[in-house]
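Take a look at the structure below.
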Amino acid sequence: MRRDSRRAVLGGVCAGFARWLGIDPIITRVGMVVVAIGSSGVAVVGYLIAWALMPSDAGEPARRRERRGRKGGWRIAGGVALLVISALLVFRQLNLWWSDAVVWPVALAAFGVALLWTLTRQEAEQEQEASEAEAEAGMRDADTRAMPAQLRPGTPAEPGGWWRAKRASAIGFGVALVLGAALLFLWAVGALNAVSDVALAALVVAVAIGLISAPFWWGMARRLGAERMARARSQERAEVAAHLHDSVLQTLALMQKRAGEPDEVAKLARRQERELRSWLAGGEPARPSERLADALRAAAEDVEETHGAPVDAIVVGDAPLDERSKALVAAAREALTNAAKFASDTGPVHLYAEIENGSARVFIDDRGPGFDPEAIPGDRRGVRESIIGRMERHGGRAEIRSEPGEGTEVELKLEGNGR
Amino acid sequence: MSSTPSVVVVDDHRIFRTGVKAELEGMVEVLGEAESVEDAVRAINELEPEVVLLDVHMPGGGGVEVIEQVSKQRPQQRFLALSVSDDPEDVIAIVRAGARGYVTKTITGEELAAAVRRVRDGDAVFSPRLAGFVLDAFAGDLPAEEVDPELDQLTAREREVLRYIARGYLYKEIGLRLNISVKTVEAHVSSVLRKLQLSNRHELSRWAVERRLVD
């Protein structure tokens with residue numbers, strides 16, 4: 001006969017006995033209680049002896065852990081309290097007795113201590129299990145470590161937050177029980193009467209101090225909050241100031257130094273304007289090496305900076321940058337450079353790009369002197385190679401429309417890959 | 001209708017108001033100026049200009065607030081927004097509040113005068129950048145059941161006109177390119193403006209919500 005640890009309420013003695021008899025454990029348990037009461041508790045001693053002597057059937061540690069994890073300390077603690085009461089009754093029966101007053105305090109204390117003890121043990125076991133499970137998981141697959149704890153295989157099913165809250169309240173209850181038992185005992189033996197006046201006085205004083213200092217604590221908490229906010233604000237201001245100093249003030253100083261060079265001043269002002277705008281917009285930083293729209297804008301800014309000709313770039317839509325669209329950007333840059341070189345005196349150069357469904361169209365327009373595309377002069381050989389040739393090599397098309405005196409219009413087209 | 005249009009200039013920077021007045025000299029009659037929302041509402045009701053040149057950003061609510069307050073008494077008042085900001089949210093917000101056009105402050109005096117005349121005549125004025133925003137906002141197809149074809153989509157012709165505006169072309173040049181009259185170009189732009197003001201496309205209403213223009 002072995003104790004049945006899987007169906008145990010206390011030690012599994014009744015359950016093991018029932019299994020040996022082949023009956024429901026409830027029957028043996030009720031029988032046990034009846035016998036215990038009938039024998040004024042002597043049977044309880046017998047139970048304890050049986051618990052100590054009967055070997056456990058605990059062959060499967062995993063199952064055991066699961067059982068303990070789920071059962072909670074309450075039933076065990078209640079059982080321990082009942083056992084203690086029984087033991088006391090036995091002592092009383094045997095005339096080994098001093099006072100009835102100790103019964104309730106001792107029983108309560110036993111309940112509380114048992115509760116705390118089982119909870120602490122469960123916690124230790126769970127920690128061990130969790131670390132074991134983690135180690136296992138770590139060996140199995142590094143990916144599982146990235147999962148939230150609740151989803152990791154092998155950890156107990158109890159969700160962390162709920163379990164912790166429940167455990168905290170159980171511990172609180174246990175502590176209250178033990179303290180209550182101590183007070184009850186003091187009260188029962190009459191030691192508390194002398195203490196009670198002092199305790200009452202102390203309590204009243206404590207409440208009074210609390211009431212008096214409440215406004216102070218309240219004010220302190222509010223001051224702390226206000227200070228924190230002020231600190232955040234001044235930090236923000238410092239950041240803004242630092243940015244303005246690094247950018248705007250620097251540029252203004254440069255512009256004053258170069259007041260005699262209007263082109264240079266205009267260039268500086270324009271660059272600063274662009275920087276300040278993008279900073280104010282506060283959007284994501286541009287990624288000209290990854291996104292086509294950003295790459296086109298960056299090309300326009302580059303040309304503007306290098307040649308001092310204003311470029312208005314308007315891009316509608318976006319796509320990731322790939323080999324083909326890189327060629328498109330390079331061709332656009334070439335067209336912008338030409339426009340900036342030859343047509344910067346007649347208003348801004350316009351770049352307009354439309355990127356949709358994997359296709360892209362880019363227009364570069366200027367109001368410059370224009371030229372006859374059929375008779376591209378020697379110094380514009382770049383147009384054939386860098387714009388038309390490049391686009392065609394990458395499966396795109398470039399069209400240049402220009403007439404002397406009518407400005408120039410370059411259209412670059414890149415169709416989607418049939419995606 | 002080709003007489004000199006009258007305007008009130010609303011901007012909180014005196015230097016800028018002075019600059020605009022100087023640039024418009026001889027082309028536009030500046031009846032008065034205002035530097036706050038309150039001043040602006042009073043001046044507009046008093047002077048009854050044909051067009052209000054309106055800064056987008058001003059203390060006390062900005063251009064949107066001026067449009068809302070003036071429209072209560074003068075629902076036909078025409079506004080042209082003028083701003084250094086080209087933040088799409090600002091632009092879309094003021095146009096949806098009722099401005100008939102939007103130009104950036106880098107515009108030349110002559111272009112500005114032309115824009116004022118166009119707004120006076122009931123047409124819309126789109127800067128290249130505003131055209132780009134609109135093309136962006138109206139890009140992509142909507143599920144058929146969500147589309148109000150009258151408001152939520154641009155016609156092929158409207159797209160074409162906007163594309164030319166985004167490329168920096170003047171209305172006259174666009175008319176030549178598309179073989180249509182300047183009046184027809186203006187009609188297309190006005191139609192786009194109406195859609196921009198009334199469409200509930202997600203991209204537009206999101207801007208409006210973010211600017212707390214709708215509840």
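Among the residues of the range A:316-329, write down those that are within 14 Å of another protein chain (Cβ to nearest Cβ) and either crowded, with 24+ Cβ neighbours inside 10 Å or not in a strand (DSSP E or B) (or both). Result: A:317, A:318, A:319. Residues in the range B:103-118 that are farther than 14 Å from residue B:11 by Cβ, free of Cβ contacts under 8 Å to residues at least 40 places away in the same chain and among the hydroxyl-bearing types (Ser, Thr, Tyr): 1 in all. Restricting B:63, B:132 to those that are touching a Leu at 6+ places or on another chain (Cβ under 6 Å) and not in a loop (DSSP other than H, G, I, E, B) reduces the list to B:63.
Residues of the range A:338-350 that are of a type in the set (Gly, Ala, Ser) and part of a helix (DSSP H, G or I): A:339, A:340, A:343. Of all residues in the range B:158-179, those that are closer than 16 Å to residue A:406 by Cβ and buried (at least 16 other Cβ atoms within 10 Å of the Cβ) total 7. Hey, any hits in the range B:48-65 for a residue that's out of contact with any helix residue (DSSP H, G or I) (no Cβ under 8 Å at 6 or more places or on another chain) and over 29 Å from residue A:269 (Cβ atoms)? For the range B:48-65, residues out of contact with any helix residue (DSSP H, G or I) (no Cβ under 8 Å at 6 or more places or on another chain) and over 29 Å from residue A:269 (Cβ atoms): present.
Applying the criterion of being out of contact with any Gly (no Cβ under 8 Å at 6 or more places or on another chain) and facing another protein chain (nearest Cβ under 10 Å) to the residues of the range A:338-352, the residue that is modelled with the highest pLDDT is A:351.
Of all residues in the range B:48-89, those being away from chain A (no Cβ under 14 Å), in contact (Cβ under 8 Å) with a residue 40 or more places away in the chain, surrounded by 15 or more Cβ atoms within 10 Å (Cβ to Cβ) and of a type outside the set (Val, Ile, Thr) number 11.
Regarding residue A:304, is this residue buried (at least 19 other Cβ atoms within 10 Å of the Cβ) and either hydrophobic (A, V, I, L, M, F, W, C) or within 14 Å of another protein chain (Cβ to nearest Cβ) (or both)? Spelling it out, residue A:304 is indeed buried (at least 19 other Cβ atoms within 10 Å of the Cβ) and either hydrophobic (A, V, I, L, M, F, W, C) or within 14 Å of another protein chain (Cβ to nearest Cβ) (or both). Of all residue pairs spaced 6 or more apart or on separate chains, those with beta-carbon atoms under 6 Å, a first member in the range A:251-264 that is farther than 17 Å from residue A:310 by Cβ and a second member that is charged (D, E, K, R) and outside any loop (DSSP other than H, G, I, E, B) are A:258/A:264. Number of residues in the range B:90-118 that are of a type in the set (Lys, Arg), more than 14 Å from chain A (Cβ to nearest Cβ) and under 21 Å from residue B:25 (Cα atoms): the value is 2. Restricting the range B:176-215 to residues that are more than 15 Å from residue B:159 (Cβ to Cβ) and assigned to a loop (DSSP other than H, G, I, E, B), the residue that is modelled with the lowest pLDDT is B:215. If you check A:293, A:313 for being within 14 Å of chain B (Cβ to nearest Cβ), in contact (Cβ under 8 Å) with a residue 60 or more places away in the chain and touching a strand residue (DSSP E or B) at 6+ places or on another chain (Cβ under 6 Å), only one passes: A:293. Contact map, the range B:150-175: first residue more than 9 Å from every other protein chain (Cβ to nearest Cβ) and acidic (Asp, Glu), second residue surrounded by 15 or more Cβ atoms within 10 Å (Cβ to Cβ) and assigned to a loop (DSSP other than H, G, I, E, B), Cβ cut-off under 7 Å, separation 6 or more or different chains; pairs are B:152/B:199; B:152/B:201. Hey, any hits in the range A:330-337 for a residue that's assigned to a loop (DSSP other than H, G, I, E, B), over 45 Å from the mean Cα position of the chain (by Cα) and within 14 Å of another protein chain (Cβ to nearest Cβ)? No, every residue in the range A:330-337 fails to be assigned to a loop (DSSP other than H, G, I, E, B), over 45 Å from the mean Cα position of the chain (by Cα) and within 14 Å of another protein chain (Cβ to nearest Cβ).
Whether a residue is in a helix (DSSP H, G or I) and modelled with pLDDT of 85 or more was assessed, and residue B:173 passes this test. Scanning the range B:126-141 for residues that are touching a residue at least 60 places away in the same chain (Cβ under 8 Å) and more than 9 Å from chain A (Cβ to nearest Cβ) gives B:126, B:134, B:137, B:138. Criterion first (away from chain B (no Cβ under 14 Å) and either surrounded by fewer than 21 Cβ atoms within 10 Å (Cβ to Cβ) or of a type in the set (Gly, Ala, Ser) (or both)) does residue A:287 satisfy it? Judged against the criteria, residue A:287 is a match.
Suppose the filter is in contact with a His (Cβ under 9 Å, 6 or more places away or on another chain), more than 19 Å from residue A:386 (Cα to Cα) and at pLDDT 80 or above; does residue A:312 pass it? Judged against the criteria, residue A:312 is a match.
The values are calculated or read from the model by the stated rules, or taken from the named source; none is laboratory data. Everything numeric in this text was worked out from a predicted model, so none of it was measured. In this analysis, Cβ positions are derived from the backbone assuming ideal geometry, glycine residues included, and neighbour counts consider all displayed protein chains.
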